[in-house]
Amino acid sequence: MMLLRLAWRNIWRNRRRSLIILTSVVVGLIAIVFIEAVVRGFMRQSLDNQLGTHTAHIQVHRMGYHDNPAIDRFIARPEVVDAALAADARIAASSRRVLATGLLSSARNSSGIMLVGIEPEREARVTIIQRSIVAGRNLGLEPREILISERMSRTLDVGLGDKVVAMSSTREGKVGSELFRVVGLFRTSIMEFDRVHAYIPHATAQSLIGAGAEAAEFAMVLHATTDLNAVRDSLRVVLGPEYEVQSYEDLIPTMAAMVELTERSMIIYYVILGLAMIFGIINTMMMSVYERIRELGVLKAVGMQDRMLFWMVLLEAAMLGTVGTSVGLVLGNALNAWIAVSGLNFSWFSEGLSSWGTGAIIYPVLDPLGSVRGGLLIVAMCVLAALQPALKAVRLHPMDAIRHL
Amino acid sequence: MTIPILQAEALEKTYHDNGVPVRALVPIDVAFDQGEFTVIAGPSGSGKTTLLNLLGALDAPTGGRVLFNGRPLEGLSKTELSKLRLHQFGFIFQAYNLIPVFTAVENIEFVLTLQGVAERDRRRRALEVMKELDIEALAHKRPNQMSGGQQQRVAIGRAIATNPAIILADEPTANLDSATGGVLLDLMTHMNQEHGITFLFSSHDPQVIERGRRVIRLHDGRIERDDRRPGA
Ligand SMILES: Nc1ncnc2c1ncn2[C@@H]1O[C@H](COP(=O)(O)OP(=O)(O)OP(=O)(O)O)[C@@H](O)[C@H]1O
Ligand SMILES: [Mg+2]
């Protein structure tokens, strides 16, 4: 207890020097906690947008669909899949889709298209398309309505209420075509997605390509992503080998891996800061040991054990580290919490971000627990840095030290 | 015959100053008994500090040995020597005895902490000693708020608080004016006479030297004279 008091007061002896090292720890931590949160926000948003726009958590296709996404590889009995999904309480919502590539034309222009046949209400519970509508409305009950992206509306030079023609090949290899009225325009943060996707009613899509009652895919979201693999695996068992059940990690492996890798490697930022800190701490503690040589000699002379002296120096470094780290963590997380409210607007960064699919505004994602873990690492590194000065103190000869002036 | 508290047998110390040997102590034989009040006198460079450091287990001799209560110190580990100093010796140095970040009472408490005295007894014992030395008023002052004489009195308090077998003081009055030094000596004499605490201190100040009941005069590392004044 007295040793704690001694160590604590010792670090405040040279207030200026301690404040300098503390400030560097604090500023370093604020920066890292902040950068970490922005990077995490960036990665999460980019993944969330990808999942939220289309991929969702788990998808079901007929086995072989990915190799050749043709109509005869559609799911013949979607009701079987629907029943299996309804039976699993871990699934929050699911949507079934018809997918067809084709051409979308206006009076003035045309563009390649990926038509997505959806049941609007079900799709709204799985993806953010309904929430991404910037003009007009979502698909309703009318069979000849189409929801296109704002970008597509510019390409085709059409607006709300205008007519467009969609063409796609049918099961028999003929060309099916249908006239649609634009009822809504959407805009997601993924430029590439907006470039090709358009939504039409599920039944209309089926009849356009002659798919009968079949569906191309099911997409579903879970209550908790921690169940991801468990749900996937149990669906595989329930549905059998005729179906292919994939989690988003299977569907977009590079992106999923990158997000995970980024989050796991956050600790590296702390290690780098810690390494930078080490030299400051070594220097500070060395100076403070040198300044106290005589006093340390007296302590040794009156019977303070080397072991205790050693701990005293380490304790001083640990206290410096702990104070700096705590203040840094509190301020850093507070800054994040404050910025997370309105997000960081990166629109000045031009289109650059939109190809990442994050949106122009990045919301830092706090991970207080993770930052505490990082902070502990820094404290540990401070203690490590004090080893040499502590050994120096221990090696002092009491007599030489007392003579020293 | 009783065993002396501290004893030097053919004690020798040669320093090496940049390779040049400096004989600070030629073989010395001397013993100190319980209750003595001894001053080691001698001019600068005569070996007073060297002798006290060897007797106080702060330094190792280059020849001969030191015995504490008849037990030789040679062969004791650093830790054992440290414990010996903590429990058996009290030290008062010429200056800068106290830990600057601790108040007077904390300075005294600290050595008791090192001894493992329980927190409650620690504070009581420290205040008791301060009362005995009449320095209670200084209890909550830090060293930089005290005069040199006050600091030395607190240092005496720290030295006696642990109930050591002997107190070793290397020129405790050297940094004080003669009046203040006199007060300090009064205090040491009082502790010696009332409580039988054994003191061994050094000085080259005649006024201080004449207060010793036993005076050992060193010159060039050897004992020139060893006088006892039973009446003093
Ligand atoms: N660490 C050392 N290295 C080399 N020589 C030393 C060392 N310490 C002391 N000496 C020498 O040993 C001799 C005795 O020194 P010591 O300090 O014991 O004398 P002293 O009587 O205490 O002197 P003072 O009154 O000046 O304190 C001196 O010649 C001194 O120069
Ligand atoms: Mg000396």
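The values are calculated or read from the model by the stated rules, or taken from the named source; none is laboratory data. None of the values given here were measured: they were computed from a predicted structure. Methodologically, a virtual Cβ is constructed for each residue, glycine included, from the backbone with ideal geometry; neighbour enumeration extends over all protein chains shown. For accessibility, only protein heavy atoms count, side chains too; no ligands or nucleic acids. Shrake-Rupley method; radii C 1.70, N 1.55, O 1.52, S 1.80 Å.
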Partner chain coverage, peptide A:73-79 - average Cβ within 10 angstrom:
0
Residue list for the stretch B:97-112, given a label point 7 angstrom along the Cα-to-Cβ vector of A:MET1 and an amide N cut-off under 17 Å
B:103, B:105-112
Describe numerically, in nm with one decimal, the distance between label points set 7 Å from Cα along Cα→Cβ at A:VAL27 and at A:LYS163.
6.8 nm
Residues of the stretch A:4-26 buried by at least 10 Å² on assembly (accessible area, 1.4 Å probe, chain alone as reference)
A:ARG5, A:LEU6, A:ARG9, A:ARG13
Taking amide H atoms as placed 1.01 Å from N in the peptide plane, list the residues 5 or more away in sequence, or in a different chain, whose amide H sits under 5 Å from that of B:ILE197.
B:ASN192
Under-5 Å amide H pairs with B:LEU6, H placed in peptide plane, nonlocal only
B:PHE32, B:ASN69
Computed FRET efficiency, Cβ-Cβ of A:VAL271 and A:LEU391, R0 25 Å: what is it to the nearest 0.05?
0.60
Using mean Cβ contacts within 10 Å as the protection proxy, how do A:21-34, B:178-191, A:3-16 order, highest first?
A:21-34, B:178-191, A:3-16
Given a 10 angstrom Cα cut-off, can you work out which residue in A:THR358, A:THR204, A:THR325 is the most mobile in a GNM of chain A?
A:THR204
Dipole moment magnitude, nearest 20 debye, the stretch A:1-102 about Cα centre, only Lys, Arg, Asp, Glu C-beta charged:
1160 debye
Where in chain A are the helices, taken as whole DSSP H runs, whose Cα atoms extend 24 angstrom or more along the long axis and whose Kyte-Doolittle mean reaches at least 1.6?
A:266-291, A:368-385
Pairwise label distance in nanometres, A:ALA380 with B:VAL20, each label 7 Å out on the Cα-Cβ vector
5.3 nm
A 1.4 Å probe over the protein heavy atoms gives the stretch A:265-374 a carbon and sulfur accessible-area percentage of 75 percent
Roughly how many whole Å is it from the C-alpha centroid of the stretch A:187-201 to that of the stretch A:266-324?
59 Å
What FRET efficiency would be calculated for the residue pair A:ARG90, A:SER342, taking the C-beta separation as r and a Förster radius of 41 Å, to the nearest 0.05?
0.75
Can you give the relative contact order of the stretch A:64-240 as a percent, counting alpha carbon pairs under 8 Å and 6+ residues apart?
33 percent
Given the C-alpha centroids of the stretch A:45-92 and the stretch A:106-124, what is the distance between them in whole angstrom?
18 Å
Only Cα pairs under 8 Å and at least 6 apart count here; give the relative contact order of chain A as a rounded whole percent.
26 percent
Tell me, in nm to one decimal, what length is gained between B:HIS219 and B:SER178 on full extension, where the rule is 0.36 nm per residue of separation less the Cα-Cα distance?
12.4 nm
Quote the Stokes-Einstein diffusion coefficient, in whole µm² s⁻¹, for the stretch A:64-240, based on the Kirkwood radius over alpha carbon pairs, a temperature of 37 °C and a viscosity of 0.692 mPa s.
195 µm²/s
Taking only Cα atoms of chain A, radius of gyration then Dmax in Å:
31.2, 103
Let me cross-check A:SER207: its accessible surface, 1.4 Å probe, with only protein heavy atoms counted, in Å² to the nearest 10?
80 Å²
